[in-house]
Amino acid sequence: MKEIERVLKKDGIAIITTEYIINDKNHPEFFNKKTIYSDLINKLDSLKLVEPLDLRITTKTLATVIDIEVDGNWDKTDNNFKKNHPLILIRNRSILFTSVMLFFKKA
């Protein structure tokens, strides 16, 4: 992120997609509510979020949990399910995660 911040022109936009743990478990490769700020957003000097980050999860999204151990492969998931649930949650043991997209603008 520091390199993106360095090379991006003023008013340039950086779009970052990363995994996000919604149940606040710790994982060395994924962010949770605390670390997405402390280890990413707040470490940047001239890149600022375009809009405040909304990390709320709806009950409709909570109903989309796919358990990696039980449900297996996303490619085998029913296409109708995929069309009706563009955002899903994945459970891998005790970790419940999804993807989050962050839009930054260089000041």
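For this structure, a couple of remarks:
- Calculated P(r) tail over 12 Å for the range 15-67, as whole % of Cα pairs: 72
- Among 100, 50, 70, a tally of other beta-carbon atoms within 10 Å of each Cβ gives an order, fewest to most, of 70, 50, 100.
- Residue-averaged 222 nm ellipticity for the chain, from DSSP H runs of 4+ at -39500 (n - 2.57), nearest 500: -4000 deg cm²/dmol
- The chain pair-distance distribution - Cα-Cα, 10 Å bins, rounded %: 13, 40, 28, 17, 2
- Taking other C-beta atoms within 10 angstrom as a stand-in for reagent exposure, 1, 101 fall in the order 101, 1, fewest first.
Here, each number is a calculation from the coordinates, and none is a lab measurement. Note that the structure is predicted; figures quoted are calculated from it, not measured. Positions of Cβ are backbone-derived with ideal geometry, glycine not excepted, and every protein chain shown enters the neighbour counts.
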